[in-house]
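Below: the structure, in structure tokens.
The values are calculated or read from the model by the stated rules, or taken from the named source; none is laboratory data. Quick caveat, the model's predicted, so the values are computed rather than measured. Here the Cβ is made from the backbone with ideal geometry for all residues, glycine too, and neighbour counts use every protein chain on show. Note: accessible area is taken over every heavy atom of the protein model, side chains too, but ligands, DNA and RNA are not part of it. Shrake-Rupley method; radii C 1.70, N 1.55, O 1.52, S 1.80 Å.
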Amino acid sequence: MMISPHNDKAQHRHTSSFWSSPSLNLGLILVIPSVVLLVLVSTLVPHPSTFSPLSSPWKWRYGGHWYSSIFNGSSTDSPFMEAETDKLAPNMCFSDALIDKDIDNVTSTTRVVKRSSKLEMVEAYMARARSSIKEAARVRNLTSIHQDPDYVPHGPIYRNANAFHRSYLEMEKLFKIYVYQEGDPPMFHNGPCKSIYSSEGRFIHEVEKGKFYTTQDPDEALVYFLPFSVAMLVRYLYESESLKTDAIGRIVIDYIHVISGKYPYWNRSLGADHFMLSCHDWGPLASSYVPHLFNKSIRVLCNANTSEGFNPAKDASFPEINILKGEADIGGLPPSRRSMLAFFAGHLHGYIRYLLLNEWKDKNDPDVQVYDQLPKGVSYMSKLKNSRFCLCPSGYEVASPRIVEAIYAECVPVLISDGYVAPFSDVLNWKSFSVQIAVKDIPNIKKILMGISQRQYLRIQRRVKQVQRHFVVNPTPKRYDVFHMINHSIWLRRLNVHIQDFGVP
């Protein structure tokens, strides 16, 4: 159909009059800015659920204690694990979505995309590791099916040998620690190596050497280490006369302020992918604001006391090891030559020891020998090596170096405590190589231990010898030793956290 020039002009006049209408112009003036504002808000502002309590531009999601059911072998098809995989998958293309946005500052855009891309890559690796561990947990054999030239986890000392082995191998491939360089010795980057707090100092020194797991690129790290030593802070800052701990709390708070102002990593996760480590009692910091700073962080503690806020889902327990010499004394008499049923020697130190000493110290029972002080000329280590069971009561702290001393002496540890989470209990089945006695049953210690048959005792004692490798402190760490097991505990906690970067520089 042909349109005449006259009709075309008429149509143009009609259109022009329409657009020149005063009422329409007024409507457009009011509507267009509102639409633009809504578009900008919906584009630039994340969904409210992604904001942290401190309005962080990142989202982190805490997964709960998923690995507990995995290593227990109780539920490999948990709803959480299925949901975890489903929710992680869509986030892997975040950097591509960011590139599509219209951002004016090209230099800034390039920097943001690079950092976000690394974070998304890290989270993608973590998602695959979770899936791999979950799949390995379906195998209920007592022996791992994975090949390993050094050691293949096996036997009932593990909650799930195959899942632990898969997790350990994934850690060796993926786990990276960034150590903040801020802070000076002796309170930072340093720790005691020959004392009851040796575990703390040895770990700090090994991490500082940079031979295992560490990276110089913070963008590729899975976790970030806060390298202060609580033992050294107490030594130099604790005011024993006034019992004041204010100075210790201030220096830790100031350190967090420094690293959170200089780097983006603490703020993006509220510290959920950061860890601190302490074998000293957490008490000197408990009265300050410091514990609140670590509400989301991974605390690696010897004093793993649930009654004092230790949370096994995000905190890790590691062993208290008293190393006074260069290396530990490992080994003991064979079971047939151990003449003593149970042994303990230690000063009055907390209410549990009071109950133990009050009940057994003066009984002069040759089977259950309990001392607050050993007779002159009697060797503590020889007593451990000659005893079938070694009593390990909590003191003022729930942890005790006697647990590892017993394992070194191949003496079955008897744990007597309230609220104690034993080291590496995510993967180790402590009931298979130790005896656990409730505090209320202290009067019945002899009856309980005598009730364990010779056959059962020999089984437990063999497992104590097997589990030794996970508690040995080597001058240079060896696979599966205590240094690597501590790192594995941290690795498991990091698996619980998913961090999503929204591209804010």
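Numerical summary
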quantity	calculated
17 Å cut-off, amide nitrogen to a point 7 angstrom out along ARG479 Cα→Cβ, residues in segment 163-204	163-175
Heavy-atom accessible surface of segment 118-173: percent carbon and sulfur, 1.4 Å	53 percent
Average accessible area per residue (Å²) across segment 340-471 - probe 1.4 Å, nucleic acids and ligands excluded	42 Å²
Mean accessible surface per residue for segment 185-279, computed with a 1.4 Å probe while every protein chain stays in place, in Å²	39 Å²
Surface accessible to a 1.4 Å probe, LEU324 within the full protein complex, Å²	120 Å²
Segment 340-471 - charge dipole about Cα centre, Lys and Arg +1 at Cβ, Asp and Glu -1, debye rounded to 20	540 debye
Largest to smallest accessible area among ILE330, ILE445 [probe 1.4 Å]	ILE330, ILE445
For segment 118-173, accessible area per residue (1.4 Å probe, heavy atoms of protein chains only), Å²	42 Å²
Share of carbon and sulfur in the accessible heavy-atom surface of segment 340-471 [1.4 Å probe, %]	49 percent
Relative contact order [Cα under 8 Å, 6+ residues apart], segment 118-173, whole percent	34 percent
